[in-house]
Amino acid sequence: MSSATTPPDSDPTGRRRVHSMLQLYYGLNEEGKVVEQAESLDPCDINGPHFDPEVYLNKLRKECSLGELMDHESCTVKQIRSLDSDMQTLVYENYNKFISATDTIRKMKNDFKKMEDEMDCLSANMAAITEFSAHISGTLQDQHAQITKLSGVHTLLRKLQFLFELPARLNKCLELQAYAQAVSAHRRARCVLQQYSHMPSFRGIQDDCHVIMEQLAQQLRQKFRDGGSSAKDLSECVELLLQLDEPAEELCDKFLSHAQSRLAADLQGLEAELKDSPVTDTGGLVQKTNPGSNPVSPSSSSTTNPFLSPSAGTDILEFIDRGCNEFVSNLCLVIASYQELFINRPQEGELASKKIPEMANGKLHVFVDTLAARYFSLVERRIQEEKGVGDNSLLVRALDRFHRRLQAISKLLPGSAVPSQGTEIVVRAARERIKQYLSALQTFYHDSLTDVRQALAAPRLSVGGTSASGGGATSKDATPSLPELLTSLSNFILNQLKSVLASVHLFTAKDITFSNKPYFKGEFCSQGVREGLVVSFIKFICQSSRQYCESAGDRGGSTPPALLLLLSRLCLDYETSTISYILTLTDEQFLVQHHTPVTPVTALCAEAREAAQKLLNHYVKVQGLIISQMLRKSVETRDWVNTIEPRNVRAVMKRVVEDTTSIDVQVGLLYEEGVRKAHSSDSSKRTFSVYSSSRPQIRYAPSYTPSAPMDTSLLSNINKLFSERIDIFSPVEFNKVSVLTGIIKISLKTFLECVRLRTFGRYGLQQIQVDCHYLQMYLWRFVSDENLVHFLLDEIVGSAAHRCLDPSPMEQSVIEVICERG
Amino acid sequence: MEDDAPVIYGLEFQARALTAQTAETDAIRFLVGTQSLKFDNQIHIIDFDDENNMINKSVLLHDAGEIWHISGSPAEKAVLTTCYSKTSESRVLTCAAVWRMPPEWESGSHESPDDSSNNPQTLELLCHLDNTTHGSVACVLWEPMGDGKRVISLAENHVLLWDLQESSTKATISSSATLEGKGQLKFTAGKWSPHHNSTQLATANDTAIRGWDLRSMSQIYCIESAHGQLVRDLDFNPNKQYYLASCGDDCKVKFWDVRHINEPVKCLEEHSHWVWSVRYNHSHDQLLLTGSSDSRVILSNMVSISSEPFGHLVDDDELSDNEESQQEDKGKEPLQDSIIATYEEHEDSVYAVEWSAADPWLFASLSYDGRLVINRVPRALKYRILL
């Protein structure tokens, strides 16, 4: 009826609708609140509760035309009619139901009346039965009391008989060794005997029993002491003794001391093994000596390295195995049986009050702790003997087994400190191991460096000269070139490090029981392996490299320069790639979670770079010093005033050029070329002509004219104003040109300073001219900025001219001829 | 407050020899000896007027030869020694002589400074330290704080102790010692110790530093390989009798306690080329001056090994009257060993540096191109040291 226009539907659906409408009217809502809310407010909604006929009518009148109104009216009338008929139907239906209900109630009333009569009859019968039963029990009362009394007497007699027979029975039990029966029999009688001990007959029995039981206890004790009996027997013994009021404490002590003697035997066995092993260890050490053939080849270096395990009498795994199988398992057995005897027994009666479990537990802990301490000290001694870092898996497996077996104790003895102590030992062993690996790596590094040193020192066919230029004819045994040495060295170190990492990694393997201890998850990885091993090793490399600079600095180059160069390159390689590679590898392998601050990669790289820089600077210094020394000797030892006219370039200069060339080759093997200043000329000729024709004439021609002594210094000062200040011993860059520039700078500056300390004759000056020209011809190609060489050489010639008594320079063409010839 | 700019004076000739006029304690005066093979050599007397920041110079002729070393008498202002090289018969020999400045040089220079360079007066020769038998002289040392009667000359491998008599007109060798052994034995430098009653001498040859007792003329200590390369110069700490500074071709400056000669007490490595000269300040021995052929002069503050109590700078004497300033000092950080300043006014190798004898806050440095630079200790530091 929501829409007024729809006519009433066919019968069944119409009924349902009517039904629902009625429900709505009476406030019974099937469809929930949504409907209610929807229809609630509109006063024009004919079905709504707020329906206002006035408003509705007004609205209709306003909105609808006459026709529509008519339609509406007829529709409404129709609806009212159908509603009326519905109401009638409903009234009829309900009326019928009401009538049938009245009928039913009437019927029920009749039935109840019948039932009431039957119930009354039943209660009468029950009363009769009760009466009879009371009567019967009254007649039987007397006889029952008599029977009870008789049965009481019977049991008493039985007990008495038991008591009188007791001594005999006990004796028999004793003979048959049926101790348990005897004890139980005695226990049953004991209280009674105690109670009636004032009667002489009972007293006699009691005394007899005492004697017998004493005997029995003696026998039990004896048996207990003998110890040869099985655990089950023992426990039975203990149980019986306890029941015989034997003091539990004493029993515990006895039991433990007995166990101790057996366990001590195990420990002694282990100790004996320990004492044997050092002897065999030294044998192992002897084996380690280096047979010392070509040490750089990987095959033989394996014999030199310290990663060989000492061939001890028994390896550690065997030792631990033995310890576990004998000592630990026996200990477990003892603990288990002890607990069964003294602690876990259900306590009954007076025994419970003595607090045996607490006392016994305390004793057990002390016992286990002392024994475990001895065992641990043995194990630790054995672990400490494990110096060789060869096969780590053996140690790890041994430790694993050790640790695993101790878990059994922890299960048996929950509160014990033993497992945690065991874990501590494992942790300590792991720490120790890392230290050993570190020192082994360090010695390995030193050894490899010694090898490299030997290889460098060996038949020095000049590392730069022949071996670099191919040396195809020479056999493969010839000294390896620098790059080969470098790669082999760095590979050795890397491989060694990797293998160490792999070995250490065993500690954290999944199947190892202690690997999930917090230490091995966290600190071991980050502090131990990463910091303690890898980072320390890298730092060690840097540090030892730096030491090469310092120790050799003062006391004359004890380190071959080539080694310095090699190490510098090594450190640089570490800086650029190796360090991050190693650390990433470590982090990945060990899943290092950095709870604690760790050394960042950048800091290590910076350190490596610093070391590389220092080494290279030192290399430059050393090489510069060698050449300087030659130049200095050559200047200082000559009598420059009385020298003869120059015909040749002095041999020293040729040596200088030669050495510089070989240094150039040497550095070139390891370092990149580097950048030169743009205007590098492709022939020495051209720069030479610039140098010779224009500059020197401007520069020192005026100084020969006596009138103007100021000009020289003025000119050179002006010149200097425009040229940059030259730092002689300045840090170099990591490339060949920079290194060579550094070396040449040092050499030429030395030359200059030495020249300034001497006085020259005419030919002395000319010789210097020739020498400088020769240097000029060859050195420019090595440096980044050839102007630098020009400048320094100009300065040398200029200074020589100043220091000359008779400054008449040689013709440029003559100089050229001499130089070209030489 | 601004530090005064350095004062620069240029000589026409190249020069290596520089000394303060030791006996002069009023005026700030330096003596520079030139090196020229072609012209007459000169000694420039450079007076620095501190108030006007000006230089007054006078020139004396030194026609004997080019000057390698110069040193003034501690007793008489006008007396000085030079080591000069003399070429004769194509042989170069370095000789030494004692000279007296003519008495009029001072007045003459003030009246007409321009004339003085035109008509320079000549030094008056007092006597030669005859060394024909001993070879070239490396340097001549006056007895420190002495009466100007004793000098030592180092000639090749000989130490010669001279007595000057008859107002320095006669020199006689009173004793001598000779260094013998293998290797390079030529002395390169030396210093007469002002301590121990002036009975000790330190010399340098090659890489070794040796100490000598002048009473017995025997070696008392020897620091082998004191430097990686040649030792160029030495100086004694004026206040700590066992302390010695040395410098050399390994670019380092080292400090030694001569009682423990195995290791240097300290080592500085600030220069980038050979260090040619090292000088302690005469009154404040934490101030150290070094000159190097990297054309730099470096003033360092070596508090930790100076006679000043390290950590607090107030003398006990001053404590009473400077109660307040001490309070202030407590707020300040104690001075650390550090470089105070690097002076880059030179463009050629600096071969000599010298503190003024009159003003402890002033020093001069001389480079090969003849440039003399006079500098002061930065004021801030000066006040920190004084207060």
- Check on A:L788, surrounded by fewer than 22 Cβ atoms within 10 Å (Cβ to Cβ), at pLDDT below 85 and either among the β-branched types (V, I, T) or touching a strand residue (DSSP E or B) at 6+ places or on another chain (Cβ under 7 Å) (or both): no
- Any residue in region A:225-238 that is in contact with a Cys (Cβ under 8 Å, 6 or more places away or on another chain), within 30 Å of A:P357 (Cβ to Cβ) and at pLDDT below 70? yes
- Query: What residue, of A:R762, A:R756, is surrounded by fewer than 22 Cβ atoms within 10 Å (Cβ to Cβ), within 11 Å of another protein chain (Cβ to nearest Cβ) and modelled with pLDDT of 85 or more?
  - Reply: A:R762
- Would you point out which residue out of B:N281, B:N262, B:N239 is more than 11 Å from chain A (Cβ to nearest Cβ) and without any contact (Cβ under 8 Å) to a residue 40 or more places away in the chain? B:N262
- Restricting attention to region A:426-438, does a residue exist that is modelled with pLDDT of 50 or more and over 30 Å from A:D400 (Cβ atoms)? no
- Task: Name the one entry in A:L157, A:L90, A:L163, A:L83 that is in contact (Cβ under 8 Å) with a residue 24 or more places away in the chain, closer than 30 Å to A:C209 by Cβ and surrounded by 10 or more Cβ atoms within 10 Å (Cβ to Cβ).
- Result: A:L163
- Output the residue which, of all residues in region A:624-655 that are aliphatic (A, V, I, L, M) and assigned to a loop (DSSP other than H, G, I, E, B), is farthest from the chain's Cα centre (by Cα). A:I644
- Would you mind finding the one in B:L125, B:L60 that is closer than 17 Å to B:F30 by Cβ and modelled with pLDDT of 80 or more? B:L60
- Go over the candidates A:C819, A:C772 one by one and state the one that is closer than 23 Å to A:R638 by Cα, in a helix (DSSP H, G or I), away from chain B (no Cβ under 14 Å) and without any contact (Cβ under 8 Å) to a residue 60 or more places away in the chain. A:C772
- Task: Please state which of the following conditions A:P807 fails to meet, knowing it meets all the rest: (1) touching an Asp or Glu at 6+ places or on another chain (Cβ under 9 Å); (2) more than 18 Å from A:V652 (Cα to Cα); (3) within 14 Å of another protein chain (Cβ to nearest Cβ).
- Result: (1)
- Task: Return the residue satisfying two criteria in turn: it lies in region B:80-92 and is over 19 Å from the mean Cα position of the chain (by Cα) and more than 10 Å from chain A (Cβ to nearest Cβ), and of such residues it is surrounded by the most Cβ atoms within 10 Å (Cβ to Cβ).
- Result: B:K86
- Which of the residues belonging to region B:1-55 are within 14 Å of another protein chain (Cβ to nearest Cβ) and assigned to a strand (DSSP E or B)? B:I8, B:Y9, B:G10, B:Q14, B:A15, B:R16, B:A17, B:T34, B:Q35, B:N41, B:Q42
- Answer yes or no: is there a residue in region A:447-468 that is out of contact with any helix residue (DSSP H, G or I) (no Cβ under 8 Å at 6 or more places or on another chain), among the small types (G, A, S), at pLDDT below 50 and farther than 15 Å from A:L567 by Cβ. yes
- Message: Condition first: of a type in the set (D, E, K, R) and at positive phi. Now tell me which residues in region B:48-89 satisfy that.
- Response: B:E89
- Task: Quickly run through region B:188-210 and pick out the residues that are more than 14 Å from chain A (Cβ to nearest Cβ), without any contact (Cβ under 8 Å) to a residue 60 or more places away in the chain and either under 18 Å from the mean Cα position of the chain (by Cα) or part of a loop (DSSP other than H, G, I, E, B) (or both).
- Result: B:G190, B:K191, B:W192, B:S193, B:P194, B:H195, B:S198, B:T199, B:Q200, B:A202, B:T203, B:A204
- Message: Tell me which strands (runs of 3 or more DSSP E) are completely within region B:334-387 and hold 3 or more residues being within 16 Å of B:P6 (Cβ to Cβ) and within 13 Å of chain A (Cβ to nearest Cβ), or say none if there are none.
- Response: none
- Matching residues, region B:289-307, being away from chain A (no Cβ under 14 Å) and not hydrophobic (A, V, I, L, M, F, W, C): B:T290, B:S300, B:N301, B:S304, B:S306, B:S307
- Query: Restricted to region A:713-737, and to residues that are surrounded by 21 or more Cβ atoms within 10 Å (Cβ to Cβ) and assigned to a helix (DSSP H, G or I), which residue is modelled with the lowest pLDDT?
  - Reply: A:S713
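The values are calculated or read from the model by the stated rules, or taken from the named source; none is laboratory data. Computed from a prediction, not measured in an experiment: that's the story for all the values here. Cβ: placed from backbone, ideal geometry, glycine included. Neighbour counts: every protein chain shown.
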